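First up is the structure itself, then whatever we jot down about it.
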Amino acid sequence: GLTVYPNPTSERAYLSFSKINKLPIEIAIFDVNGKLVAELSDNNATNNNLHNVEWNLRNKSGQKVPTGIYICKVVDDKEVKIAKIIVK
């Protein structure tokens, strides 16, 4: 699964998920209209297969995103994981 914490958040969000293989994955943040807001990289592998990725609540231009609901999508070769992020 995909866990987001803290949620709701106002400073940063941490995305926590498990991954079995070492293939690259895609991590994307969308607004409620489906517009791509940010793309994150997974370079923070922790113990075993647990991964934690930080989103600083900034968009691709480096600006802080407005309050609202965002959708996080994590894609690897096996599955798609989706979670809602509430920015307050």
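The values are calculated or read from the model by the stated rules, or taken from the named source; none is laboratory data. Everything numeric in this text was worked out from a predicted model, so none of it was measured. Glycine gets a Cβ as well: all are built from the backbone with ideal geometry, and neighbour counts include every protein chain shown. Accessible surface areas use protein heavy atoms only, side chains included; no ligands, DNA or RNA. Shrake-Rupley method; radii C 1.70, N 1.55, O 1.52, S 1.80 Å.
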Check: Out of all the residues in region 32-52, is one or more open to solvent by less than 70 Å² (accessible area, probe 1.4 Å), touching a residue at least 40 places away in the same chain (Cβ under 8 Å) and closer than 13 Å to Leu2 by Cβ?
Finding: no
Check: From the set of residues in region 4-28 that are β-branched (Val, Ile, Thr) and modelled with pLDDT under 85, which is least open to solvent (accessible area, probe 1.4 Å)?
Finding: Ile25
Next item on the list: Determine if region 68-85 includes at least one residue that is farther than 19 Å from Pro8 by Cβ, part of a strand (DSSP E or B), free of Cβ contacts under 8 Å to residues at least 24 places away in the same chain and touching a strand residue (DSSP E or B) at 6+ places or on another chain (Cβ under 8 Å).
Entry: yes
Check: In region 39-59, what count of residues is obtained for those that are over 17 Å from Ser18 (Cα atoms) and at pLDDT below 95?
Finding: 0
Notebook entry, point to check: How many residues does region 60-88 hold that are of a type outside the set (D, E, K, R), under 25 Å from Lys19 (Cα atoms) and open to solvent by less than 70 Å² (accessible area, probe 1.4 Å)?
Noted result: 8
